[in-house]
Amino acid sequence: MSVQLPVDLYSVDQLSAVILELREYSSQLRDAAVREKSGHTAKEPPHVSALLLGVLHGAGIRQGNRAELETLVKELETLRAKANVAHVTLAALPNRTFKRQLTVWFRAEVDPAMFLTFAMRSDIGGGVIVQAGSRLYDFSFRRALLANKQRIAELFGNV
């Protein structure tokens, strides 16, 4: 089974929350099956978050299939343990649309199971700094300006 992660699931922390929710959901389904066998009326099905629904859809799993849910938990735990994470630093925190666009790009160009963290540093002025493992890619305005100090004076002289 291979799961296609939803775009809104971009961080390892979110993945951990989905795994916890999935375990709880599976447990509630198991309890409901036991109650049903003993002749008790079944409760309404447990609530599932939109993120978990996206994961289930991406894995092609029906909500009530406990065996597939248990397999999915193991797969997600393995994915979490081996996750590639890029730390993205911007001058301002990105909105949901921008996070989704960055996630789509990283998953298409770098790794289909890529996870991102987002941070803000106003001192970079703009652009982006990406850290992946021990590599740092600095595309910030601050770095570009400091690399061309003579150009700064020229720009201010023309103002």
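Every number here is computed from the coordinates shown, using simple stated rules; none is lab data. Keep in mind it's a predicted model, so treat the numbers as computed, not measured. All Cβ positions, glycine included, derive from the backbone under ideal geometry; neighbour counts span all protein chains shown.
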Residue within segment 119-136 that is touching a residue at least 12 places away in the same chain (Cβ under 8 Å), out of contact with any Leu (no Cβ under 6 Å at 6 or more places or on another chain) and among the basic types (Lys, Arg) present: yes
Out of Ala32, Ala50, Ala81, Ala67, sole residue that is of a type outside the set (Val, Ile, Thr) and touching an Asp or Glu at 6+ places or on another chain (Cβ under 8 Å): Ala50
Within segment 1-58, considering residues that are closer than 15 Å to Arg80 by Cβ and of a type in the set (D, E, K, R), the one surrounded by the fewest Cβ atoms within 10 Å (Cβ to Cβ): Asp13
Within segment 98-126, considering residues that are surrounded by 16 or more Cβ atoms within 10 Å (Cβ to Cβ) and more than 19 Å from Arg80 (Cα to Cα), the one farthest from the chain's Cα centre (by Cα): Ile124
Hits in segment 62-74 - residues which are in contact (Cβ under 8 Å) with a residue 60 or more places away in the chain and surrounded by 16 or more Cβ atoms within 10 Å (Cβ to Cβ): Glu68, Leu72
